[in-house]
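The structure appears below as structure tokens.
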Amino acid sequence: MATTMQQLTFISPGKVEWRETKRPAIASASDAIVRPIASTTCDVDQAIIRGQTPFNGPFAIGHECVAEIIEVGDGVSGLERGDVVCVPWHIACGTCKNCQAGIPASCLATPNAAMFGLPIGGDYGGLFDDYVRVPFAGEMLVKVPEGVNPHHVASFGDNVAVAWEVLKQHIDRVPGARVLVIGGSASIGLFVADVAVALGADVHYVDRSSRRRELAKSIGATVYKELPSPKMGDFDIGIDACVDPESLRKLLTMLKPEGYCESIGVYFEDVPFPIFDMYMRGVNFHIGRVNSRVHLPFILDLKQRGCIHPEHAYTATHSYDEIVEAISASAKPLFVRDRITI
């Protein structure tokens, strides 16, 4: 067996390349070695490549994939070589106080914010790599159900899980809620609209991209190029998926009293808030990293039942050999390769 592999590495703005590195091996009985078979960029990956974040290379990039299991440690049960699994973006033990409380992105057994695809909390590689070591594999990895195309769920370990996390709890409280989604990034706003419609919400979607507006309309959302007039009435839930401070400010003023605003982009600088208006309305605002592992069984069930269609957000499909040239050629490229365990 080869002792080295290729790792997709972010070098500097506009530049990624394959680099040869040591192939990971089982280091603990709870580990698994997986091989990504469908990977895509999340919205933050594209911002990194464009040089719009404070992260400096070189480092292994990528944290959205579906993978085949190549090897499992002696302490892993319920998983075996050849299983096709979703891989959460974050590293989590599954048993600490925070994991048991449903916030595995803040796992107490790992360094703070430990993840794939960014050198934060350790170096776990990226989910475009030839091979990846997954710690706590029995707790982290979730099998893709029968009948679900693995290529369609490459984003479930991050961006699609975001949509479930920011919507389900609120729509449970307000069935049929009026939801305003401000899109503008490659895919995450579309994923939110898709899940919101599946959960029975009245979805309104804003985006300057005609392509994304058409996709949102086909999902069942009412679409706009610009923010709708406040005269339309207030919304129960507002979703900021645009990473635009001015749009966020407007969104915060368009909610019903005690309405909910979820910000799912990543702001790298402070932004102003209409704090007095929020105070008078009683706006509930939340921002934070998604606890993907908790939500994977639920969103995979939605997909298995045909309730959501996140594959529509992918803008092009390529082989892994084309990653360097194609990773920034479209907004949400999907990279696929054949399995070696069948």
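The values are calculated or read from the model by the stated rules, or taken from the named source; none is laboratory data. The model shown is predicted, which means the values in this text are computed figures rather than measured ones. Using ideal geometry, Cβ is built from the backbone for each residue, glycine included, and neighbour counts are taken over all protein chains shown.
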Those residues of the stretch 60-87 which are touching a residue at least 60 places away in the same chain (Cβ under 8 Å), under 21 Å from GLU146 (Cβ atoms) and of a type outside the set (A, V, I, L, M) amount to CYS65, GLU68, SER77, GLY78, ARG81, GLY82, ASP83, CYS86
The condition of being assigned by TED's automatic domain parsing to the domain that holds TYR131, under 17 Å from TYR124 (Cα atoms) and among the acidic types (Asp, Glu) holds, among GLU80, GLU64, only for GLU64
Among ASP338, ASP270, ASP301, the single one that is surrounded by fewer than 19 Cβ atoms within 10 Å (Cβ to Cβ) and closer than 30 Å to THR53 by Cα is ASP270
Going through the stretch 273-285 in order, the residues found to be assigned to a helix (DSSP H, G or I) and surrounded by 14 or more Cβ atoms within 10 Å (Cβ to Cβ) are MET278, ARG281
Here the residues within the stretch 96-112 that are out of contact with any Lys or Arg (no Cβ under 7 Å at 6 or more places or on another chain) and over 15 Å from VAL294 (Cβ atoms) are ALA109, THR110, PRO111, ASN112
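Yes/no matrix, rows are residues, columns are (1) surrounded by fewer than 21 Cβ atoms within 10 Å (Cβ to Cβ); (2) in contact with a Leu (Cβ under 8 Å, 6 or more places away or on another chain); (3) of a type in the set (S, T, N, Q):
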site	(1), (2), (3)
VAL203	no, no, no
VAL206	no, yes, no
SER210	yes, no, yes
LYS217	yes, no, no
ALA221	no, no, no
PHE235	no, yes, no
CYS242	no, yes, no
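Rundown of residues vs (1) assigned to a strand (DSSP E or B); (2) within 30 Å of ILE287 (Cα to Cα); (3) of a type in the set (Asp, Glu), yes/no style:
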| site | (1), (2), (3) |
| --- | --- |
| ALA25 | no, no, no |
| SER28 | no, no, no |
| ILE37 | yes, no, no |
| ALA47 | no, yes, no |
| GLY75 | no, no, no |
| PHE128 | no, yes, no |
| ARG133 | yes, yes, no |
Within the stretch 94-101, is even one residue in a loop (DSSP other than H, G, I, E, B), touching a strand residue (DSSP E or B) at 6+ places or on another chain (Cβ under 7 Å) and of a type in the set (A, V, I, L, M, F, W, C)? no
Item to complete: Answer with yes or no whether GLY117 is outside any loop (DSSP other than H, G, I, E, B) and either under 22 Å from THR9 (Cα atoms) or in contact (Cβ under 8 Å) with a residue 12 or more places away in the chain (or both).
Response: no
Exception for ASP277 within (1) free of Cβ contacts under 8 Å to residues at least 60 places away in the same chain; (2) within 21 Å of GLY200 (Cβ to Cβ) falls at (2)
Residue hits (the stretch 1-23; part of a loop (DSSP other than H, G, I, E, B) and hydrophobic (A, V, I, L, M, F, W, C)) are MET1, ALA2
Selection over the stretch 296-314 where residues are in contact with a strand residue (DSSP E or B) (Cβ under 6 Å, 6 or more places away or on another chain) and either part of a loop (DSSP other than H, G, I, E, B) or free of Cβ contacts under 8 Å to residues at least 60 places away in the same chain (or both) yields a count of 1
| Any residue at all in the stretch 286-295 that is over 24 Å from the mean Cα position of the chain (by Cα), surrounded by fewer than 16 Cβ atoms within 10 Å (Cβ to Cβ) and in a strand (DSSP E or B)? | no
Flagged in the stretch 296-324 as of a type in the set (D, E, K, R) and over 16 Å from the mean Cα position of the chain (by Cα), in numbering order, are ASP301, ARG305, ASP321, GLU322
Considering the stretch 257-267, residues that are within 18 Å of HIS204 (Cα to Cα) and without any contact (Cβ under 8 Å) to a residue 40 or more places away in the chain, and then whichever is surrounded by the most Cβ atoms within 10 Å (Cβ to Cβ), we arrive at GLY259
(1) polar (S, T, N, Q); (2) under 24 Å from GLN46 (Cα atoms); (3) surrounded by 14 or more Cβ atoms within 10 Å (Cβ to Cβ); (4) at pLDDT 95 or above all hold for SER328 apart from (4)
Within the stretch 153-178, of all residues that are among the hydrophobic types (A, V, I, L, M, F, W, C) and not in a helix (DSSP H, G or I), the one surrounded by the most Cβ atoms within 10 Å (Cβ to Cβ) is ALA154
